[in-house]
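The values are calculated or read from the model by the stated rules, or taken from the named source; none is laboratory data. Model, not experiment: these values are computed from the prediction. Positions of Cβ are backbone-derived with ideal geometry, glycine not excepted, and every protein chain shown enters the neighbour counts. The accessibility values were calculated without ligands, DNA or RNA, using every heavy atom of the protein model including side chains. Shrake-Rupley method; radii C 1.70, N 1.55, O 1.52, S 1.80 Å.
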Amino acid sequence: MAMAWIWTGMIAASVGYGLFNDTIGAVGNAAMEGAAAAVELCLSMAGIMCLWSGVMSIMKASGLMDGLSRLFRPVLTRLLPAACKDPDTLAALSGNVSANLLGLGNAATPLGIRAARRMAKGCGRTASNELCTLVVLNTASIQLLPTTVAGVRAALGSASPFDIVPAVWMASVLSVAAGLLAAKAFGRLWK
């Protein structure tokens, strides 16, 4: 609801400024150009999302996704010990982390939501420390292949969309480390 008010305010301010400066035509042209660019970007991203969703399905069918999930179970058991006692929650968490590593945020989201719902049972109206840690892991996820960002770069005409990989690795490792340290520190402060 708050975002609706923010967007409405931004549009009203733009139109008001355009009327005040007698540039309402330029405001209208910019709105139309922005809408056309958004549709073009969405269509090109749809193709990229279909490609990587297909890759994800092949990984799942071939068992590679299960192998990645087994690889992350020791780490997840250490980070989220109570949640990992439930096999279904552990499976959702492992799949979520695997999809995030591959840069497939859209594929990771349903798994993260399923894990969060299972973890929220019995918490009442306050999130547990482990649930907060899950949110941090999803927000700052480590990405080995930043497929979504590379897809946006390719759609916008980048000659080498994956040349950002080293920077993404460094930034994502640092953000996950900082986020986990903060989650653990705040978890101990407000027990």
Q) When you go through (1) under 18 Å from Leu80 (Cβ atoms); (2) assigned to a helix (DSSP H, G or I) one by one for Asn106, which number turns out not to apply? A) (1)
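Check Met32, Met10, Met45 and return the single one that is aliphatic (A, V, I, L, M), touching a residue at least 40 places away in the same chain (Cβ under 8 Å) and assigned to a helix (DSSP H, G or I). If you could, list the steps in order and put the result at the bottom.
Values: Met32 fails: touching a residue at least 40 places away in the same chain (Cβ under 8 Å); Met10 fails: touching a residue at least 40 places away in the same chain (Cβ under 8 Å).
Unique residue meeting the criteria: Met45.
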Q) Looking only at region 113-156, which residues are under 24 Å from Met49 (Cα atoms) and not in a helix (DSSP H, G or I)? A) Ala140, Ser141, Ile142, Gln143, Leu144, Leu145, Pro146, Leu156
(Q) Looking only at region 144-158, count every residue that is open to solvent by 40 Å² or more (accessible area, probe 1.4 Å), at pLDDT 80 or above and closer than 21 Å to Asn100 by Cα and tell me the total. (A) 5
Q | Evaluation of Leu43 against (1) open to solvent by 80 Å² or more (accessible area, probe 1.4 Å); (2) within 23 Å of Ser172 (Cβ to Cβ); (3) hydrophobic (A, V, I, L, M, F, W, C) (one fails), failing number | A | (2)
Q: Evaluate region 128-135: report whether one residue or more is within 18 Å of Leu68 (Cβ to Cβ) and at pLDDT 85 or above.
A: yes
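Collect the residues in region 175-191 that are under 21 Å from Ser98 (Cβ atoms) and loosely packed, with under 13 Cβ neighbours inside 10 Å, keeping them in residue-number order.
At the first step, the residues of region 175-191 found to be under 21 Å from Ser98 (Cβ atoms) are 175-177, 179-180, 183.
Result: Ala177, single match.
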Q | Filtered residue count, region 75-97, keeping only those that are among the polar types (S, T, N, Q) and open to solvent by 40 Å² or more (accessible area, probe 1.4 Å) | A | 1
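Does Val165 satisfy the criteria of being in contact with a helix residue (DSSP H, G or I) (Cβ under 9 Å, 6 or more places away or on another chain) and open to solvent by less than 30 Å² (accessible area, probe 1.4 Å)? Spell out the reasoning first.
Details: in contact with a helix residue (DSSP H, G or I) (Cβ under 9 Å, 6 or more places away or on another chain): yes; open to solvent by less than 30 Å² (accessible area, probe 1.4 Å): yes.
Here the answer is yes, as Val165 does meet what is asked.
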Q.
Looking only at residues that are under 17 Å from Ala99 (Cβ atoms) and touching a residue at least 24 places away in the same chain (Cβ under 8 Å) in region 119-142, which one is most open to solvent (accessible area, probe 1.4 Å)?
A. Thr139
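Any idea how many residues of region 49-74 are hydroxyl-bearing (Ser, Thr, Tyr) and open to solvent by 80 Å² or more (accessible area, probe 1.4 Å)?
First pass over region 49-74, keeping only residues hydroxyl-bearing (Ser, Thr, Tyr): 53, 57, 62, 69.
Now drop any that are not open to solvent by 80 Å² or more (accessible area, probe 1.4 Å), which leaves 62.
Adding up the residues that qualify gives 1.
I'd like to know if region 9-30 contains one or more residues that are at positive phi and either exposed (fewer than 10 other Cβ atoms within 10 Å of the Cβ) or modelled with pLDDT under 80 (or both). Talk me through it step by step, then tell me what you get.
If we filter region 9-30 for residues that are at positive phi, which is where we start, we get 22.
With either exposed (fewer than 10 other Cβ atoms within 10 Å of the Cβ) or modelled with pLDDT under 80 (or both) added as a condition, the list becomes 22.
Looking through region 9-30, at least one residue is at positive phi and either exposed (fewer than 10 other Cβ atoms within 10 Å of the Cβ) or modelled with pLDDT under 80 (or both).
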